[in-house]
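The block underneath contains the structure these notes are about, expressed in structure tokens.
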Amino acid sequence: MAEVTVRALKKAYGGLEVVHGIDLDIADGEFAVLVGPSGCGKSTLLRMIAGLEGITSGTIHIGERLVNNLPPAERDIAMVFQNYALYPHKTVAANMGFALKMRGMAKDEIRTRVERAAEVLGLTPYLDRHPRALSGGQRQRVAMGRAIVREPSVFLFDEPLSNLDAKLRVQMRSEIRELHQRLATTTVYVTHDQIEAMTMADKIVVMQGGNIEQIGAPLDLYDRPANTFVAGFIGSPAMNMLEGTVRRDGGAAIEVHGTRMPVTDRAGLEEGRRVIVGIRPEHLEIMEPGLPATIAVVEPTGAETHVVAKFGTQELTTVQRARLGLRPGQALSLGAQPDNLHIFDTATGARIP
């Protein structure tokens, strides 16, 4: 196992810079998830760590070794790809042991490692089958097994679940997390799915436009997003955002379209300052006084009901656990407790702590 240390890392294609001086520390044994929208640079960063992309400037260390100019085979990493990348003419056992065979490892040692990994992944009954005879989830397990047998210092996962159906994705992310807890190998995992990031990571790295917006534990990012981008990206349904003006008379409040929302006082809330108020859907309550709204859509999911309501021209989403019999067209008043309001600067998007 080893830590991964990235310093001032940049990547440019000709005159177009796509990764802008990233600094990142991933501790020994940590499960770090790189998350962000398509084109944010997360896969490029992963591929630079793997050695599949050259770097323009900066440094990458795996453990004590500077690996900038080392080929992938010499970096002591194992990568699991989105498309499995299995040899269709080889059996499961042969696919899992192929890299070890290329290293010249003894057959008995290869067999031992493959059988041990197969047992961990529930693949023992399938070792003599070919990939075409396996389900998508089983093929992904084979790809993971091929990585495990190498006993690398670092696992790299590039959106490994994106080709699976919804139910299997839930099952596989649980299995990957359980596997990490068992092996305790440093892991860097790329996804665009913030639910995967929240449920799997020790540390989430949120990226946008080739920059890191915030790094932290899942619940830290959820409870204290650094800016409006992180606030809107982390969480499903997404955080509600409203522009308003700070009012000080009669206690700190944010005035939104003539309606005042009391807020916990903090430095930086000067009278007349324009701010953005963020409210998580589970914190947006049916209450008086509040924002006058009209229900547009009611989405029962079983355990809870998602209600989309119109406040002026803006849509607000509230999550209700009680079955209240709400219906489209119904008027209601929505508000939140002062401690549950997130306040951001309108100009910069930065959180006002």
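Points to keep in mind about this one:
- Qualifying residue in segment 315-336 (condition: touching a helix residue (DSSP H, G or I) at 6+ places or on another chain (Cβ under 7 Å), in a loop (DSSP other than H, G, I, E, B) and not acidic (Asp, Glu)): yes
- For segment 91-114, the criterion of being open to solvent by less than 50 Å² (accessible area, probe 1.4 Å), part of a loop (DSSP other than H, G, I, E, B) and touching a strand residue (DSSP E or B) at 6+ places or on another chain (Cβ under 8 Å) is met by no residue.
- Applying the condition of being surrounded by fewer than 18 Cβ atoms within 10 Å (Cβ to Cβ), in a loop (DSSP other than H, G, I, E, B) and under 23 Å from the mean Cα position of the chain (by Cα) to segment 129-163 and asking which residue is modelled with the highest pLDDT yields SER162.
- For VAL263: the one exception among (1) more than 30 Å from GLU304 (Cα to Cα); (2) modelled with pLDDT under 95: (1)
- Just one residue in the set VAL307, VAL275, VAL298 is of a type in the set (Val, Ile, Thr), closer than 21 Å to THR228 by Cβ, open to solvent by less than 70 Å² (accessible area, probe 1.4 Å) and touching a Ser or Thr at 6+ places or on another chain (Cβ under 8 Å); that residue is VAL275.
- Condition check for GLY302: in contact with a strand residue (DSSP E or B) (Cβ under 9 Å, 6 or more places away or on another chain), at positive phi and in a loop (DSSP other than H, G, I, E, B): no
- Failed item, numbered, when ARG280 is tested on (1) in contact (Cβ under 8 Å) with a residue 40 or more places away in the chain; (2) more than 30 Å from THR199 (Cβ to Cβ); (3) basic (Lys, Arg): (2)
- Members of segment 1-38 that are without any contact (Cβ under 8 Å) to a residue 60 or more places away in the chain and part of a loop (DSSP other than H, G, I, E, B): GLY14, GLY15
- Flag for VAL206 being closer than 30 Å to GLY235 by Cα and open to solvent by less than 50 Å² (accessible area, probe 1.4 Å): yes
- In segment 51-85, the qualifying residues are those that are within 22 Å of GLY209 (Cβ to Cβ) and either open to solvent by less than 10 Å² (accessible area, probe 1.4 Å) or among the small types (Gly, Ala, Ser) (or both), and the one that is nearest to the chain's Cα centre (by Cα) is ILE60.
The values are calculated or read from the model by the stated rules, or taken from the named source; none is laboratory data. It should be emphasised that the depicted structure is a prediction, and the values quoted were computed from it without experimental measurement. Note that each Cβ is placed from the backbone with ideal geometry, even for glycine, and that neighbours are counted across all protein chains shown. Just the protein is used for accessible areas: all its heavy atoms, side chains included, with ligands, DNA and RNA removed. Shrake-Rupley method; radii C 1.70, N 1.55, O 1.52, S 1.80 Å.
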